[in-house]
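To start, the structure under review is shown below, and the notes come after it.
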Amino acid sequence: MNDMSNLPTWDLTDLFAGPEDLEIETQLQALEKSVNAFQNKFQGQVAGLSGADLHGALLDYEAAQDRLGRLMAFAFLYYAGDMADPERGRFMQVMQERVNGITGKSLFFSIEINRLDENAMAAKYEGSAELRRYRPWLDDIRAMRPYMLSDDAEQLLHDKSVTGAAAWIRLFDDTMARLKFDLDGEQLPSQVAFDRLTSADETVRKKAADAINETLSANIHTFALITNTLAKDRDIENSWRKLETPEQSRHILNQVEPEVVGALKEAVVGNYAQLSHRYYALKARWMGKDVLEHWDRNAPLPTSDERVWDWDSAVSTVMEAYGQFSPTLAEVAAPFFNSGWIDAPSGDGKLSGAFAHPTVPSAHPYLMLNYMGRSRDIMTLAHELGHGVHQRLASAQGPILANTPLTLAETASVFGEMLTFRSLLNKTTDPTQRFALLSSKVEDMLNTVVRQIAFYTFERRVHTARREGELKTEQINQIWLDVQKQSL
């Protein structure tokens, strides 16, 4: 079937009725009042608080985070639906600025927690079992303790964040959302154009690749400026904080040791020949070619099942796989499909790709897809649903403790994806289609491991080179081509 008429769109009214909802302003004013009271009560006092009193302050701080999170979750989800809409972009920016002004008044709390030495912190833990429950979050906050700046400098970085890196990221997102790709006179948004690279028809793939190249090339100076600016912004902050490498702050946020990431990188790079090089050589042979063109990398094999999956079939496939593993897992997943928690159609201005947004524990997660009915879209649904189920199960921990680093979050999503893949494989009896299905999964894993390591290598090289001055467009391109040649 090829019926996409019943794709779900999300219902954001569980957060707010819309951008004009008067409750948004009511919440902002109430939050400003409560955060002012929090600041007046606790600023300059954290060092002298008992463990029990620090726990009480944490509860106040956590309650404000839940309410602020609800506001910003709505603003982002509303904006993600059509990033080309200037009114949505304006609403998102206004909300960021309002919320940034409020959170700036509570910034002292994490700063003063980081000023405590280990003995003082240990004494507070000793005095309160309730505070000890929050130790994982406090440890995460204190991981940046060696790199803290003066209070005024930290406040300045916070206040300027809405006009710094975040603004350049918005420029990139807005630009990509507005771009159109001309395929035989049809003006396509990016997510549709990139989907054509997975067509079974090589002519379609090549035309899509040419259209993507033409449109992105026409905007390459904007993208180069964004890349240069973001890299320099990171370099300036890292220099002030005396962070040793461009990626160190990301490792801290992900709660992973740099030695672990380094070992992973070396292991993957050292096995490129046995992983991606070997696979793509085999794929070229399977497709009757000496070598693959770049538009062939994600092409299906000639024996692939290229049917278009309607939404109901995709849902039943994923839910059956989840339920076979655990009825409870399927029960936790079910509300996503009957409560307006998923936005599936692709559309002009919509953020490309897919994500699961946890919002806040007092609400529920939302999933965004660009569903086009391919088997890979089913895997994407299963992947994002894994995030969503994880986020629902974690919500009982509260606004602060429910958050997880990417290293843990991706475990849940890949698990959900693999449950669905195994279910599909078990149902596939035709040997040629089983072969194609396994091939597709190998490609997914190469994208998960090899391609991500290539991205990591590219970014490290760009950040390192940027220290010597602004990079020419040709330099950025050459770094990309070098990394791609090495990895693929």
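Structure notes:
- What the phi angles of segment 140-154 give under the Karplus curve with 6.51, -1.76 and 1.60, with θ = phi - 60°, is a coupling list of 4, 4, 6, 5, 8, 4, x, 10, 6, 9, 5, 4, 5, 5, 5 Hz, glycine and proline written as x.
- Note on the chain: helix-only mean residue ellipticity at 222 nm, from DSSP H runs of 4+ residues weighted -39500 (n - 2.57) and normalised by residue number, equals -20500 deg cm²/dmol.
- Using a probe radius of 1.4 angstrom, the carbon and sulfur fraction of the accessible surface of segment 347-488 is 55%.
- Per-residue HN-Hα couplings for segment 427-434 [Karplus 6.51, -1.76, 1.60; θ = phi - 60°; Hz; x = Gly/Pro]: 7, 8, 9, 5, x, 5, 6, 4
- For segment 213-224, 3J(HN,Hα) per residue [Karplus equation, 6.51 cos²θ - 1.76 cosθ + 1.60, θ = phi - 60°, Hz, x = Gly/Pro]: 4, 5, 5, 5, 4, 5, 10, 5, 5, 5, 5, 5
- Whichever aspartates and glutamates have a C-alpha closer than 16 Å to that of residue 265, once near sequence neighbours (fewer than 8 apart) are set aside: 247, 257, 459
- Computed over the chain: relative contact order in percent, which uses C-alpha pairs under 8 Å that are six or more apart: 20 percent
- A cut-off of 5 Å between modelled amide H atoms, ignoring neighbours fewer than 5 places along the same chain, links residue 43 with no other residue.
- Using a probe of 1.4 angstrom and keeping all protein chains present, the accessible surface of segment 62-177 works out to 46 square angstrom per residue.
- Net charge contributed by nearby residues that have their C-beta within less than 14 Å of residue 354 (K/R +1, D/E -1): -4
- For residue 472, a cut-off of 21 angstrom between C-alpha atoms picks up these lysines, skipping any fewer than 8 places away in its own chain: 232, 485.
- Percent accessible area from carbon and sulfur atoms, segment 155-215, protein chains only, probe 1.4 Å: 57 percent
- Each Cα pair under 8 Å and six or more residues apart adds its sequence gap; the mean of these over the residue count of segment 345-488 is a relative contact order of 16 percent.
- Distance from segment 84-109 to segment 159-187 (C-alpha centre basis), Å: 18 Å
- Lysines with Cα under 20 Å of residue 180, excluding same-chain neighbours fewer than 8 positions away: 206, 207, 350
- Relative contact order, percent, segment 180-270 [alpha-carbon distance under 8 Å, six or more residues apart]: 15 percent
- Nearest-10 value in Å² for the accessible area of residue 260, using the 1.4 Å probe: 80 Å²
- Of all accessible heavy-atom area on segment 224-343, the percent that carbon and sulfur account for (1.4 Å): 54 percent
- Cα gyration tensor shape for segment 349-472, rounded if a/c is under 1.5, else prolate or oblate: oblate
The values are calculated or read from the model by the stated rules, or taken from the named source; none is laboratory data. As the structure is a computational prediction, the values presented were derived from the model and not from experiment. Virtual Cβ from ideal backbone geometry, glycine too; neighbours counted across all protein chains shown. Keep in mind that these areas ignore ligands, DNA and RNA; they rest on the heavy atoms of the full protein, side chains included. Shrake-Rupley method; radii C 1.70, N 1.55, O 1.52, S 1.80 Å.
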